[in-house]
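> The structure under discussion is supplied below as structure tokens; questions concerning it will follow.
The values are calculated or read from the model by the stated rules, or taken from the named source; none is laboratory data. Everything quoted here is computed from the prediction, not taken from an experiment. Here Cβ is always computed from backbone atoms with ideal geometry, including for glycine, and neighbour counts include all displayed protein chains.
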Ligand SMILES: *Cc1c(COP(=O)(O)O)cnc(C)c1O
């Protein structure tokens, strides 16, 4: 158990988690919004399984991973822990997994089986792949359309001008439900560039809602990470994906997670 263990920067996981929650609440208040309307998804990719368990015990439900392999490892480890809990007569905390990274086609099926919401759908082809997997598991899956608002070539995502059409196409699929949009701020340009990007994405989201292209439950706007989640909340985000501000210094690196 890592409860109370301080990291190099002298804070505990619990302190950082509470701090992020209060920063979300403050940002919401400053924008005249209710903090209950903003969902915190903890990005656990650089964290340990112990940290995930500790956060679950603090009441955190939603976790995100960006690589399918690690997602599957973690869901298996956490499921095992939950089952042990149940055997001992306890109530195992609820957990919901989000996929936020790019997926190779051959890993889509497994990702779909393990996730509640896929944030990173950026092509019709990927959506069709997801549709096949969701039909096989006989449960519809909810997805967000990732938009490359800033147009950086290093970024995944559909071009803003193509987003509405893609949403409408996905909405015709029986087992894939478009729930909203996801975007990331540009790597450079700081707070101003982040704000401009988030505002643009918000407009696009409102546009799609207005014309009804996403069907009846198109209500998620996933924007904001450690460096910009307060700006995102001010710009209308209702789902923030925060990793390092909660996790602290990385517990697993991309390399060590690869094996
Ligand atoms: C890693 C990641 C995050 C979280 O990043 P932090 O800066 O650690 O908060 C959010 N969204 C996506 C898509 C990511 O890959």
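> For the range 167-180: of the residues being surrounded by fewer than 23 Cβ atoms within 10 Å (Cβ to Cβ) and touching a helix residue (DSSP H, G or I) at 6+ places or on another chain (Cβ under 9 Å), which is nearest to residue 140 (Cα to Cα)?
175
> Name every residue in the range 217-244 that is within 13 Å of the ligand (Cβ to nearest atom), assigned to a loop (DSSP other than H, G, I, E, B) and in contact with a strand residue (DSSP E or B) (Cβ under 8 Å, 6 or more places away or on another chain), in order of residue number.
The answer is 223, 224, 225, 226, 237, 243.
> Check the range 111-118 and report whether any residue there is in contact with a helix residue (DSSP H, G or I) (Cβ under 7 Å, 6 or more places away or on another chain), in a helix (DSSP H, G or I) and over 23 Å from residue 41 (Cβ atoms).
no
> Quick one: residue 8 ticks every box in (1) farther than 19 Å from residue 222 by Cα; (2) modelled with pLDDT of 95 or more except a single one, so which number is it?
(2)
The rows are residues; the columns are (1) more than 18 Å from residue 228 (Cα to Cα); (2) at pLDDT below 95; (3) in contact with a strand residue (DSSP E or B) (Cβ under 7 Å, 6 or more places away or on another chain).
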residue	(1), (2), (3)
26	no, no, no
29	no, no, no
36	yes, no, no
39	no, no, yes
64	no, no, yes
93	yes, yes, no
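> Within the set of pairs 6+ apart or on separate chains, which have a first residue in the range 239-259 that is more than 24 Å from residue 222 (Cβ to Cβ), a second that is modelled with pLDDT under 90 and more than 10 Å from the ligand (Cβ to nearest atom), and C-beta atoms under 6 Å apart?
Listed by first residue and then by second, the contacts come to 249/7; 249/8.
> What is the residue count in the range 205-228 for residues that are more than 19 Å from the chain's Cα centre (by Cα) and either under 16 Å from residue 155 (Cβ atoms) or without any contact (Cβ under 8 Å) to a residue 24 or more places away in the chain (or both)?
5
> Could you list all residues from the range 144-170 that are within 14 Å of the ligand (Cβ to nearest atom) and not in a loop (DSSP other than H, G, I, E, B)?
The answer is 144, 145, 146, 147.
> Does residue 173 meet the test of being within 16 Å of the ligand (Cβ to nearest atom) and on the phi < 0 side of the Ramachandran plot? Write out each step before concluding.
Values: within 16 Å of the ligand (Cβ to nearest atom): no; on the phi < 0 side of the Ramachandran plot: yes.
Considered against the rule, which asks whether it is within 16 Å of the ligand (Cβ to nearest atom) and on the phi < 0 side of the Ramachandran plot, residue 173 comes out as no.
> Further, regarding this structure: Within the range 181-211, can you find the residues that are exposed (fewer than 13 other Cβ atoms within 10 Å of the Cβ), part of a helix (DSSP H, G or I) and within 16 Å of the ligand (Cβ to nearest atom)?
190, 191
> So residue 214 passes all but one of these: (1) at pLDDT below 95; (2) within 12 Å of the ligand (Cβ to nearest atom); (3) surrounded by 18 or more Cβ atoms within 10 Å (Cβ to Cβ). Which condition number does it fail?
(2)
> I would also like to ask the following. All but one of (1) part of a helix (DSSP H, G or I); (2) in contact with a strand residue (DSSP E or B) (Cβ under 9 Å, 6 or more places away or on another chain); (3) more than 16 Å from the ligand (Cβ to nearest atom); (4) closer than 24 Å to residue 225 by Cα hold for residue 127; state the number of the condition that does not hold.
(4)
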